[in-house]
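The structure appears right after this line, and notes come after that.
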Amino acid sequence: MRNERFAKAPPGEAAAAYWAKDTANQNVGALFQGADAALPHGARPPRRRYLALWFPFLPADRLRRQAGSAATNDGGKIANGDKNRQGAPPLVFVAPVRGAMRLVAVSPEALAAGLRPQMTLADARALAPALWVVPARPDLDDAFLTRLRDDFERFTPLLAIDPPHGLVLDITGCAHLAGGEAPMAARVRQRAHAAGLHVHCALAATPQAARALARFTLAAREAPLIVPEGGDRAATARLPVAALELSEGRHRTLQRAGLKRLADIIDRDSVSLASRFGAAFPARLARITGAEDIRITPERPAPPCVIDRILPEPVAREEHVEALLAGLLRDAAQRLEQAGQGGLRFTALFYRTDGVKRAVTVSVSQPTRDPALVGLLLRERLGALDDPLDPGFGFDQIRLCVGETAPLAAMQSGLPANILPATHILEAGQEDISRLADRLAARLGPEAVLKLCPRGSHLPERAAVLRPARLASAGVGWRDLAPEDPPARPLHLFRTPQPVEAMDAAPDGYPLRFRWRRMMHDVAAAEGPERLSPEWWRTLPAAAATPPDDAPADDAHPLRATRDYYRVEDREGRRFWLFRPGDAGATAARWFIHGLFP
Amino acid sequence: MENNIASCLTGTEPLDGGPSARPSPLPLRAGSDRRPHAARAGALARLKADLALRVAATPCGGADVDARQNHPPAKTGALFPPDQAAGASISRRDGHPAWLAPGALHDLFAGVADGPAAHGFATGHAIRIAAGRPVVWAFHDMAGRELGRPHGEGLADLGLDPDALLLVRARTVPELLGAAEEAARYNAVGVVIISAWGAAKAFDLTASRRLALVAARSGVAILAVRIAADPAPGAAWSRWTVRAAASRLLEGDAPGHPAFSVTLLRHRGGAAPATWILEWDRAQRTFREGASG
């Protein structure tokens, strides 16, 4: 029924490709996303499957995790901590809402004591005198949820945060890798439990159905609630109308009308519902009941080539990590070669057992699939990290993503290149200079390795731009100067011109003395003026934006005005590039240094 | 020790008018040569005499001989004949960068206000030495802030093709030195220019030695421009201070070609300290002497 939608965006394949490593022998070729073309024309693509997770006590769980880790650091008092938990006072998170301190989140104990979110703190204290009150920290909760999302990326690349306190995982095409949907859901749930989280999870055909089931059924609490394919309508019909998450007023209207469950409204005429509750209402209902599917927006598009090493035992030693990386790079090289591609950006992702993820990215200027070279760059980058890669208790998964690829013809791999480590090749100096740029960029960051690009402008600040060496492109050529002429442009150019204090104007208009950086310079020789007008086709919109009587606009931006440049030499032999913005006739001329000549 | 001297000096061609062509005025130290080959022994004797001459000629005296032998320039190491070092004519041997040899580290010191001059001097040498090969300019962020960033058109006006230039920005001096060392390892690179700002503790003798060794191995010239730093001993093959000099004015009192006042402080090849006024000639890609009085 929704075939047109599916035909546009390939279902499942991105996610399936993500796991291609585990199924390497069956579909290495299906790695690149063109694989959906293999779908027989007109065949119904598989339905999508979404796993919704809801952490009902996320703030409380976060706090307990913190306390737990503090206790472990204290010397293994976990058991003690557990005991404390039994008799722990009800924990509530409060924030000022509408002029009163109200509860915004509660712990399971508080819930058992009858405390509910949106109660005022005073009411809560009346109910439970021994109360542990903590100010709510939504920012920390969000950060924690982001960390969870990064960690759950191990299950599928297509996942999104589902506020508040939830995640949605698109597990289409991934479930078989865990042995089916039920084991997959169980694994996800177990992972959340291991992190000390209460979790509700439900699996359904639309993100909204899964979300509603996870949040509004008790069954989702005890075990993953899995809706069989095609069973969405029946499963969601039992939900209370609160699952529609309408505004309070509309919710009350439904209640007053005696419509308590979705079953009561599911069969009603959508036109009358739309007229009563707004145009969005039937669509919302259709999505919850699985009649209509819209995709989640994943955190990032799945890269074209992803290879995983899932480790039964966490590794922490550097040499093991390096060996794993080398293996991943070899696999990637093989796969890229089969696809006739070379990688431009390589990302290594390290998943720690405690859920922390680190990503390290290197870029190269020429497409490559040489494992030794990329390995070298990655090692370089890892060595240059500001806070080094900390394995903690070990990594249990390492992933390599080739984020950007470009066609690279198959090449005869020379024997020396194969038997010599990459460092030797590089030290022999036969490599292109771009390799040096890559290595320096891996060490210092891509924005630190620059090339000068001509831009064909008469304005000095626009004539040559500095761009990262990787992105540098040959523009127009550099201008030529007659051989007998001295340099007309300075060797150093200030990004923002430096104001100088000029005095004793000469008849030609330039100052005879000027003070710059608390030093007085006596002008011995000068040449000028060279008048440079702003590029009117650029400044026009800016000028139009400022009111015409706004005189200080020129003052604020000396580079926006017409400028008269002078090459000036002082008695010490230092040469400057001075300019005066605005018209020569202006009474109070201001002077700036724009550059320095050798 | 003698083998060391021999291996580092036999590669140099005798310069015309240089002392190596003269008969040795000093006797050979007995027993110093363990090599049986007569030809080598002869060469060694000449070289030793040569060395002794230079030690006598330099004001630092003989105490420094050992340090001097450690960092020979690679193959075209320029030994300065004393008469040339006296400053008669340094551009006489045209086409040979007599004072900044490739395959070695050269320190150029400059005051705060003379940074552009030092960079201009280094750029001129980079153009000469690189001869079309890429030039890597490792730039301390501090220098970029104080002097402005290198300008493509200005470089082109000096004669350096900006397309052949790779600029590397470094936040700290250790980063700067690391990047420069990395770049100097590639012998596809012609010249590495380092612009460091201030008297950095990281730019010590060890760092200087490292750079000198890398340069000697790869044959890449490293020009370390050190602005706002006092001249300090290091492992550089030559050490200079660079100041701006008044240019020869063109007609209409227009400032002329870039002019520099350079002072040689120390030269491991034995050249005597002296000061020259030089003018950069873009057309000939060379420095001409005596811009002004």
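Taking A:Ala105 and the conditions (1) in contact (Cβ under 8 Å) with a residue 60 or more places away in the chain; (2) open to solvent by less than 50 Å² (accessible area, probe 1.4 Å); (3) not β-branched (Val, Ile, Thr), which numbered condition does it fall short on, given that it satisfies the others?
(1)
If only one of B:Ala229, B:Ala254, B:Ala271, B:Ala245 is over 19 Å from B:Val191 (Cβ atoms), in contact (Cβ under 8 Å) with a residue 24 or more places away in the chain, within 14 Å of chain A (Cβ to nearest Cβ) and open to solvent by less than 20 Å² (accessible area, probe 1.4 Å), which one is it? Steps first, please.
On the way: B:Ala229 fails: within 14 Å of chain A (Cβ to nearest Cβ); B:Ala254 fails: in contact (Cβ under 8 Å) with a residue 24 or more places away in the chain; B:Ala271 fails: within 14 Å of chain A (Cβ to nearest Cβ).
Within the list B:Ala229, B:Ala254, B:Ala271, B:Ala245, the selection yields B:Ala245.
Need the failing condition index for A:Ala122 against (1) part of a helix (DSSP H, G or I); (2) open to solvent by 20 Å² or more (accessible area, probe 1.4 Å); (3) in contact (Cβ under 8 Å) with a residue 24 or more places away in the chain; (4) not charged (D, E, K, R), just the number.
(3)
Tally the residues that are more than 10 Å from chain A (Cβ to nearest Cβ), among the β-branched types (Val, Ile, Thr) and crowded, with 19+ Cβ neighbours inside 10 Å, restricting the search to the stretch B:159-212.
5
Scanning the stretch B:113-122 for residues that are surrounded by 24 or more Cβ atoms within 10 Å (Cβ to Cβ) and farther than 12 Å from B:Leu100 by Cα, which turns out nearest to the other protein chains (Cβ to nearest Cβ)?
To start, the set of residues in the stretch B:113-122 that are surrounded by 24 or more Cβ atoms within 10 Å (Cβ to Cβ) comprises B:114-122.
Filter once more, so that each one left must be farther than 12 Å from B:Leu100 by Cα: B:114-120.
On the way: B:Asp114: 7, B:Gly115: 8, B:Pro116: 4, B:Ala117: 5, B:Ala118: 8, B:His119: 6, B:Gly120: 2 Å.
Step by step, filter the stretch B:113-122, then rank; the result is B:Gly120.
Being in contact with a Pro (Cβ under 9 Å, 6 or more places away or on another chain), modelled with pLDDT under 60 and open to solvent by 50 Å² or more (accessible area, probe 1.4 Å) is the filter here, so list the residues in the stretch A:38-70 that pass it.
Within the stretch A:38-70, just A:Leu39 meets the criteria.
Are any of the residues in the stretch A:301-309 open to solvent by 30 Å² or more (accessible area, probe 1.4 Å), modelled with pLDDT of 85 or more and not acidic (Asp, Glu)?
yes
Report yes if A:Leu159 is out of contact with any Pro (no Cβ under 9 Å at 6 or more places or on another chain) and aliphatic (A, V, I, L, M), otherwise no.
Working: out of contact with any Pro (no Cβ under 9 Å at 6 or more places or on another chain): no; aliphatic (A, V, I, L, M): yes.
So A:Leu159 fails the test.
Take A:Thr172 and decide whether it is in a loop (DSSP other than H, G, I, E, B), among the hydroxyl-bearing types (Ser, Thr, Tyr) and touching a residue at least 12 places away in the same chain (Cβ under 8 Å). I'd like the intermediate steps shown before the answer.
Values: in a loop (DSSP other than H, G, I, E, B): yes; among the hydroxyl-bearing types (Ser, Thr, Tyr): yes; touching a residue at least 12 places away in the same chain (Cβ under 8 Å): yes.
Yes: the conditions hold for A:Thr172.
Mind telling me which of the residues A:Ala286, A:Ala291 ends up being over 30 Å from A:Ala339 (Cβ atoms), part of a loop (DSSP other than H, G, I, E, B) and either open to solvent by 40 Å² or more (accessible area, probe 1.4 Å) or without any contact (Cβ under 8 Å) to a residue 24 or more places away in the chain (or both)? Talk me through it step by step, then tell me what you get.
On the way: A:Ala286 fails: part of a loop (DSSP other than H, G, I, E, B).
Of the residues listed, the single one that is over 30 Å from A:Ala339 (Cβ atoms), part of a loop (DSSP other than H, G, I, E, B) and either open to solvent by 40 Å² or more (accessible area, probe 1.4 Å) or without any contact (Cβ under 8 Å) to a residue 24 or more places away in the chain (or both) is A:Ala291.
Within the stretch B:140-149, which residues are open to solvent by less than 10 Å² (accessible area, probe 1.4 Å) and at negative phi? Write out each step before concluding.
In the first step, residues of the stretch B:140-149 are kept if they are open to solvent by less than 10 Å² (accessible area, probe 1.4 Å); the result is B:143, B:147-148.
Residues satisfying the conditions are B:Ala143, B:Leu147.
Among the numbered conditions (1) away from chain A (no Cβ under 12 Å); (2) small (Gly, Ala, Ser); (3) in contact with a His (Cβ under 8 Å, 6 or more places away or on another chain); (4) not in a strand (DSSP E or B), tell me where B:Gly154 comes up short.
(1)
Determine whether B:Pro134 is farther than 15 Å from A:Ala437 by Cα, under 23 Å from the mean Cα position of the chain (by Cα) and within 7 Å of chain A (Cβ to nearest Cβ).
Working: farther than 15 Å from A:Ala437 by Cα: no; under 23 Å from the mean Cα position of the chain (by Cα): yes; within 7 Å of chain A (Cβ to nearest Cβ): yes.
When the stated conditions are applied, B:Pro134 does not pass them.
Pull out all pairs, ordered by first then second residue, where Cβ-Cβ is under 6 Å, the residues are six or more apart or on different chains, the first lies in the stretch A:247-267 and is in the same structural domain as A:Ile288 (by TED's automatic domain parsing), and the second is among the aromatic types (Phe, Trp, Tyr) and at pLDDT below 85.
Matching pairs, first to second residue: A:Arg250/A:Phe277.
Examine the stretch A:326-341 for a residue that is in a strand (DSSP E or B) and out of contact with any Lys or Arg (no Cβ under 7 Å at 6 or more places or on another chain), and state whether such a residue exists. Don't jump to the end; show me each part of the working.
Taking the stretch A:326-341 as the starting set, the residues that turn out to be in a strand (DSSP E or B) are A:341.
Imposing the further condition that a residue be out of contact with any Lys or Arg (no Cβ under 7 Å at 6 or more places or on another chain) reduces the set to A:341.
So far as the stretch A:326-341 goes, yes, one or more of its residues are in a strand (DSSP E or B) and out of contact with any Lys or Arg (no Cβ under 7 Å at 6 or more places or on another chain).
Please determine, by comparing only the residues of the stretch A:449-503 that are open to solvent by 50 Å² or more (accessible area, probe 1.4 Å) and β-branched (Val, Ile, Thr), which one is nearest to the other protein chains (Cβ to nearest Cβ).
Among them, the one singled out is A:Thr496.
Out of everything in the stretch B:274-293 that is hydroxyl-bearing (Ser, Thr, Tyr) and under 18 Å from the mean Cα position of the chain (by Cα), what residue ends up being surrounded by the most Cβ atoms within 10 Å (Cβ to Cβ)?
Filtering the stretch B:274-293 down to residues hydroxyl-bearing (Ser, Thr, Tyr) leaves B:275, B:286, B:292.
Subsequent filtering for residues that are under 18 Å from the mean Cα position of the chain (by Cα) retains B:275, B:286.
Values: B:Thr275: 12, B:Thr286: 17.
Checked the stretch B:274-293; the qualifying residue surrounded by the most Cβ atoms within 10 Å (Cβ to Cβ) is B:Thr286.
The values are calculated or read from the model by the stated rules, or taken from the named source; none is laboratory data. Because the structure is predicted, anything quoted here is derived from the model rather than measured. Neighbour counts are summed over all protein chains in view; Cβ atoms, including those assigned to glycine, are modelled from backbone coordinates with ideal geometry. With ligands, DNA and RNA removed, areas are computed over all heavy atoms of the protein, side chains included. Shrake-Rupley method; radii C 1.70, N 1.55, O 1.52, S 1.80 Å.
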